[in-house]
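First comes the structure, then the notes that go with it.
Just so it is clear, none of the values below were taken in a lab; they were calculated from the coordinates. Since we're looking at a predicted model, the values are computed, not measured. Positions of Cβ are backbone-derived with ideal geometry, glycine not excepted, and every protein chain shown enters the neighbour counts.
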Amino acid sequence: MLAPQDWQAIGVTLRLCLWTTVILLLLGTPLAWWLAHTRSRFRAAVEALVALPLVLPPTVLGFYLLVALGPRGPVGGLLETLGGTHLAFSFSGILIGSVLYSLPFAVQPLQDGFRAIGRQPLEVAATLGAGPLDRFFTVALPLARGSVLTAATLAFAHTMGEFGVVLMIGGSIPGETQVLSIAIYDAAEALDYRRAHILSALLLALSFVILWLVFARRRRVATVGA
Amino acid sequence: MLAPQDWQAIGVTLRLCLWTTVILLLLGTPLAWWLAHTRSRFRAAVEALVALPLVLPPTVLGFYLLVALGPRGPVGGLLETLGGTHLAFSFSGILIGSVLYSLPFAVQPLQDGFRAIGRQPLEVAATLGAGPLDRFFTVALPLARGSVLTAATLAFAHTMGEFGVVLMIGGSIPGETQVLSIAIYDAAEALDYRRAHILSALLLALSFVILWLVFARRRRVATVGA
Amino acid sequence: MSLSARIGHRVGAFTLAVDFDLPGSGVTALFGPSGCGKTLTLRCLAGLERPRRARIEWNGELWQDDAFHLPPHRRRVGLVPQEPTLFAHLDVRGNLAYALSRCASPALGLDEAARLVGIADLLDRRTDALSGGQRQRVAIARALLSHPRLLLLDEPLSALDDPARRGIALDLRRLARDLGLPMILVSHSATEVERLADRVVLMRDGRNDAPRSLAEAVADPDSPLHAGAGPASVLDGVPAGIEDGLLAVALGADRLWLPWHGAAPPASLRLRIMARDVALGLAPARDLSVLNILPVTIESMHDGADATVLVACRSGSGARLFASITRRAATMLGLAPGMRVHAHLKAVALLD
Amino acid sequence: MSLSARIGHRVGAFTLAVDFDLPGSGVTALFGPSGCGKTLTLRCLAGLERPRRARIEWNGELWQDDAFHLPPHRRRVGLVPQEPTLFAHLDVRGNLAYALSRCASPALGLDEAARLVGIADLLDRRTDALSGGQRQRVAIARALLSHPRLLLLDEPLSALDDPARRGIALDLRRLARDLGLPMILVSHSATEVERLADRVVLMRDGRNDAPRSLAEAVADPDSPLHAGAGPASVLDGVPAGIEDGLLAVALGADRLWLPWHGAAPPASLRLRIMARDVALGLAPARDLSVLNILPVTIESMHDGADATVLVACRSGSGARLFASITRRAATMLGLAPGMRVHAHLKAVALLD
Amino acid sequence: QTRPLTVAAASDLRHAMQALQVEYAQRHPDERVRVVYGSSGKFSAQIEHGAPFDLFFSADEAYPQRLHARGHAAGAPRRYALGRLVVWVSGDDAPPALADLAAPRYARIAIANPLHAPYGQRAEEALHRAGLATLRPRLVFGENVSQAAQMVQSGAADAGIVALALMFGDELRGRGGYTLVEESLHAPLWQAFIVTRRAAGDARAARFADFVLSDAGRAVLAAHGFVLPDRED
Ligand SMILES: Nc1ncnc2c1ncn2[C@@H]1O[C@H](COP(=O)(O)OP(=O)(O)OP(=O)(O)O)[C@@H](O)[C@H]1O
Ligand SMILES: Nc1ncnc2c1ncn2[C@@H]1O[C@H](COP(=O)(O)OP(=O)(O)OP(=O)(O)O)[C@@H](O)[C@H]1O
Ligand code: MOO
Ligand SMILES: [Mg+2]
Ligand SMILES: [Mg+2]
């Protein structure tokens, strides 16, 4: 039912989603923590900046990233002069694009989550001898785990469906940068609806199961009078 | 510098973003509230369903919506037999698409926000004679206002940049369904980079100012030892 | 008017099984050790828990049975929770106004309530800029402003200093009387219970004893109320004149003297006499600075803890007095039930 | 070893200006009305506030001055906050282990600490399944397990019943002694202060009095400590034999008898004698159930509140005793400084 | 293992290019060719920024010319086909001619976006020349010609002006009907390709290019709705 190319696309997609989610959590968590606690005048500006990639159409954002990461761009160019290769049309390139594009979906929920903890648990941890990093990992993160979950699922799902940025930076090269969403898009563009339906159904089912498993573990809040 | 068509696109974009945000808050808030409090077995499934539109490529989701909203689809068809008009290629159509596509960005932060309130304030309000609706509006919503903000900004920004769904359902009709992101996309595709840069810069600047204003009002959390 | 509650509830491994009927007025104290189910009981009464088996009726109105559960906002039951929860999005005034604006028949003004608990100068504060005791007082004022049919107080004064505690307790007692506002008070302080309560429900391990009047409760030498300072008698009397800065209090035909600050005394006075403050003598002691000496008859003698004897006496006018003395003294004096002796009351505390 | 703190801090309209030096051992009570700045002071000591002007030194080590601020996790100062904050993502055992695993030199085992505060059977509970008093006890055990250099206790026992309070207070005092763990205790309960503290710092409106020893503090008839039950004397003595179930306590040459439960008495005993429990007589009363009668000399007489007189006496062995008697009795007996009288001690409370 | 030859092809070439691949594979069984489909504008931008494409088959001449002018091509663009437009409806109705679109039942007419899609430009031009400029308010625009077809197929648009080549895929063959738009109504839609600079000197690229222009290649293109240019050689 599925072509080998589709299987490749599924593989690339899963790799991209997982890496994006992991990197977003690694990157977004300290950023969100800083944003939740800083007194800096630039806080609001940084928050706005984080959300900014969202407002550009994905392919246009993709285009600018292409320029930046390509051989003549600042990033890609630098890499080339350092003896490496530029990042356009590579897995690393689409990963950077996905991370940037989903950043606000990770940062904002995390920031809210950290804010909701309040200062008391962190203060208590400090008086028990826990330093800043210790407090962060043993108190803040576990207490904000609901928000970590939200950040992860939003980032994961958004990366799953996104194709504009990925298409532009990645060039849809099978086995390397062609993700499932591009394959579905292609099928639809080719008016090959049967294939589009099958792939969509597959993607939806897969995502539903993943999301359902994740959400089923979430706790609810007690209701008044219950 | 800007063509009249661009001004129209800006107008449509702002209308679309505002309406989408408003509708998402109106729709997402009770849904998030229910999800945060229900004991229903279907909770996790509903949560997964809400996030599902995200995982489809926007144009593909757009295509399915076009089928549903068009004259031969279940929704559009019903409207036509009721003497109305179908929703494809109309502002209502792209609004529906945007709402559906940004739903998880509104629902999930709100749900986290409601969860973070805990039960005590609601219980106290109940003993002071506040009924469920009263509690919801006078206690839950104000206490979760940070999350309402997050939901609103994510929904707003995501709608601002999205064009796949909107393009497919809306058909890019100037003054009606052509939004700024489509205009930028078109300029970039036509390799008319000057126009693409100008429009992008405009969109970024506009969004930055809006987001900055919104975020500047947000409070931070006290840090240990400060 | 009355409250009748039969509650069977399980949370985790803990089983709550309480069963009591209370008159619909006055102050009832719920007293018992930490973890015995006091808070849980109040939550059931307020409608915040849904016990599996329960029948709660207020004055003939069904609040809860196995099938029905009147939601908390329809019960008009006020609750001051053990850890005061203020609305963080409102300032102090906003918190008070929240209650007032939902009250159909306000009995107090906002400023009046604030003054009562001593937070009049904090009305414009954010709630996170309050001290622990200040938070607690805001919670009390807020509950009062909702003018509930029944007020549940879960250790409402635990974070307050003695003078504030005393003042607010007296105001609460006055409000209970003036507004006909029945209260259920959870407190770990025997003094607070003695100061405020008309009756006491003792709890232990999720079960309760039958409600008893305060006098009965304190008269029980083994009562957990005495764990702090030992048994006591609580007597209600009326003022009978002031002399030399001393107030005479009439308990039937008996008369006790206590130091008085001079203002007009209230119509009724509640006195507490700790058993350990009562000495028994065969004759009134002379040349001793003890003013209050009552002739009493020994009714019974109980071996108390630690080589002491608790002697229950009755005065001529029928007032019941406890004296806690050492066994050595009892032997020395040859005390026995039926004997007429003189009770020397070294200290008489005014609870009002 | 010592703590020296000079703190100038403003939050909102409130100004904290405290200044005290404390020895690095024993228990110091911070006592003052609600809202006077006790919690704020503890927070400054713990490093949780950054006062604008301050100099805090611990045993020569700088914790804070205007330029420097040692972060809280480096101070090794334990804090039991006024509203106990438990880690909601950990169970009770997890909360305790959190402290223990960060402690370089554990002085207590987890189970031992749990037993001490009576939560040994709650170790596997989620923190939201605890009662108010149980939460408070977990917070105490957790702070103890971190074996801090200084333990700050902000009304740590406010949600506990009397027996539990008494038990934990005694254990805390023992730990303070055995581990050489200095503590600063905020409490609204004079009994708790008398039971636990070695010295007292009174606070009012953000300022403090100089630290005084407990004996001095309670000897002040106007001390706010007495707002509850009036002045008292606190005396430290040693056991001197048991007879008839009564324990003899030697205070120098004086000897007092108190009911004793029979176990071996500790090496030293702290007694509290309320002034209102002391009657003065020209001669020892006969045929009266008062066992403890000490010959004393009147040192001074102060007009107290409400037509009472506070009489300061000294026993032959130098112990200082207060007697609160009515002015009428003082006049009747013709009491005057220098007179030799007999103090009748109706009740002697053992604070240990 | 060597990198496969990578061909970027405009989306109207989907069916033709697949057939070309099959034919080519029979002749050169050892050579792997992979094709990526997309819009010509996007490919142009990507090639300018280092995309690993060896050949680029555009839907027009302008994009290859631009790339050539900027030095991204190994040689001058070569025409491989002439695109034709059709009016297409997806129902069972008789297909309308271009002029019939004025009828009110064609309330929504889908075309590719004339700003960047060559088929869209020609469609707009044809409408103008046919005196149907007044139909402009009825137009809806797809991102490209495929999307225009999707709009028709969904039933949301009543007719579309799309590429003849789309009618030759399995998907649309026999579904609804189409009428050709007269060639005279728009400038000829010459489609050209280039070998990119990165493939300069790559024999495989040259081989594939020659194959497309060979008789066998032309036969495939002709069978998929393209008009062929005169032989270059
Ligand atoms: N969710 C729960 N799961 C398991 N046990 C619970 C839960 N909630 C309360 N308990 C237990 O129920 C008992 C009664 O709790 P409750 O809060 O009513 O005590 P309390 O009498 O108010 O005590 P305190 O004076 O310490 O506040 C306690 O032993 C507590 O540990
Ligand atoms: N953030 C703040 N802004 C303004 N005032 C504050 C703030 N925090 C505390 N205060 C005020 O500072 C004073 C001291 O507070 P603190 O919490 O130290 O009191 P406390 O002595 O612990 O009282 P309690 O016994 O009631 O707990 C209080 O009057 C309080 O209202
Ligand atoms: O295939 Mo195109 O580039 O939409 O005319
Ligand atoms: Mg409780
Ligand atoms: Mg405090």
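A compact globular protein would have a Cα radius of gyration near 2.2 N^0.38 Å; the ratio found for segment D:125-176 is 1.14. Applying both filters, DSSP loop and at most 11 other Cβ atoms within 10 Å, to the trypsin sites (Lys or Arg not before Pro) of segment A:19-99 gives A:Arg39, A:Arg41.
Normalised Debye scattering of chain B at q = 0.14, 0.16 Å⁻¹ gives log10 I(q)/I(0) of -0.96, -1.13, counting only Cα atoms as equal scatterers and leaving out solvent. Among chain B residues, the beta-carbon with the smallest distance to the axis carrying B onto A is reported, with distance in whole Å, as B:Ala116, 2.
Stretched out straight at 0.36 nm per residue, the stretch from B:Arg41 to B:Ser92 would grow longer than its current Cα-Cα span by 15.0 nm.
Between copies, D:Arg207 shows label-point distances of 5.8 nm, shortest first, with the point placed 7 angstrom from Cα along Cα to C-beta. Taking the Cα centre of chain E as the origin and placing charges on Cβ (Lys, Arg +1; Asp, Glu -1), which of E:Ser40, E:Leu139, E:Pro29 is farthest toward the positive end of the dipole? So the residue furthest toward the plus end is E:Ser40. Whole-percent P(r), chain D, all Cα pairs, 10 Å bins from 0: 5, 23, 28, 23, 14, 6, 1, 0.
The alpha carbon centroids of segment B:90-143 and segment E:1-70 are separated by 51 Å.
Taking a sphere under 11 Å around the Cβ of C:Ala347 and counting the other residues whose Cβ falls inside, with K and R at +1 and D and E at -1, yields a net charge of +3.
With a 10 Å cut-off around each Cβ of C:233-239, the average count of Cβ atoms from other chains is 0. Label D:Ser213 and C:Met332 with points 7 Å out from Cα along Cα→Cβ: what is the distance between them in nm? Each label point is offset 7 Å from its Cα along the Cβ direction, giving 3.1 nm. Taking a cut-off of 49 Å, what percent of all Cα-Cα pairs in the protein assembly as shown are separated by more than that? Of all Cα-Cα distances in the protein assembly as shown, 48 percent exceed 49 Å. Annotation: peptides D:95-101, C:274-280, ranked by per-residue average of other Cβ atoms within 10 Å with the highest first, follow the order C:274-280, D:95-101. Its residue count N fixes a reference of 2.2 N^0.38 Å for segment D:264-309, and the Cα radius of gyration divided by that reference is 1.52. Dipole check for segment C:2-212: with +1 at the C-beta of Lys and Arg, -1 at the C-beta of Asp and Glu, and the Cα centre as origin, the magnitude is about 360 Debye. The value of relative contact order for chain D, using C-alpha pairs under 8 Å at least six residues apart, is 15 percent.
Relative contact order, whole percent, for segment A:4-225 stands at 30, derived from Cα pairs under 8 Å and 6 or more residues apart. Other residues within the sphere of radius under 14 Å centred on the Cβ of D:Trp58, judged by their own Cβ, net out at +2 (K and R +1, D and E -1). Per-residue packing, averaged as other Cβ atoms within 10 Å, sorts the ranges C:238-246, E:142-150, B:9-17, A:180-188 into the order E:142-150, A:180-188, B:9-17, C:238-246, beginning with the highest. When the P(r) of segment C:1-105 is calculated, the portion above 20 Å amounts to 46% of the C-alpha pairs.
Can you tell me the relative contact order of chain E? Whole percent, Cα pairs under 8 Å, sequence separation 6 or more.
Once normalised by length, the contact order is 30 percent.
GNM on chain A, alpha-carbon springs under 10 angstrom: the most fluctuating residue among A:Tyr101, A:Tyr193, A:Tyr64 is A:Tyr193.
Say a label goes 7 Å from Cα toward Cβ at C:Ser317 in every copy; what distances in nm does this one have to the rest, shortest first? So the distances to the same position in the other copies read 4.2 nm.
Across peptide B:106-113, the average count of Cβ atoms from other chains found within 10 Å of a residue's Cβ is 6.
The distance from the alpha carbon centre of segment D:145-209 to that of segment D:69-125 is 17 Å, rounded to a whole number. Evaluated on segment C:234-350, the Kirkwood hydrodynamic radius is 14.7 Å, with distances taken between all distinct Cα atoms.
Each other residue within a Cβ distance under 11 Å of E:His116 adds +1 if Lys or Arg and -1 if Asp or Glu, for a net charge of -4. With a 10 Å cut-off around each Cβ of D:35-42, the average count of Cβ atoms from other chains is 3.
Expressed as a whole percent, the proportion of Cα-Cα pairs in segment C:28-163 lying more than 25 Å apart is 30%. Here the alpha carbons of chain E define both size measures, Rg and Dmax, at 17.9, 59 Å. Sorted from closest to farthest, the other copies place their D:Pro266 label points 3.9 nm away, with each point set 7 Å from Cα along Cα→Cβ. Any idea what diffusion coefficient segment E:1-110 gets from Stokes-Einstein, in µm²/s, Kirkwood Rh on alpha carbon pairs, 25 °C, 0.890 mPa s? This corresponds to a translational diffusion coefficient of 148 µm²/s.
A simple charge model with +1 on the Cβ of Lys and Arg, -1 on the Cβ of Asp and Glu and nothing else charged puts the dipole of segment C:39-81 at about 120 debye relative to its Cα centre. In terms of packing, defined here as the mean over residues of other Cβ atoms within 10 angstrom, the peptides D:248-254, D:38-44 line up highest first as D:38-44, D:248-254. For the residues A:Leu100, A:Leu82, A:Leu69, a GNM of chain A with alpha-carbon springs under 10 Å puts the largest fluctuation on A:Leu82.
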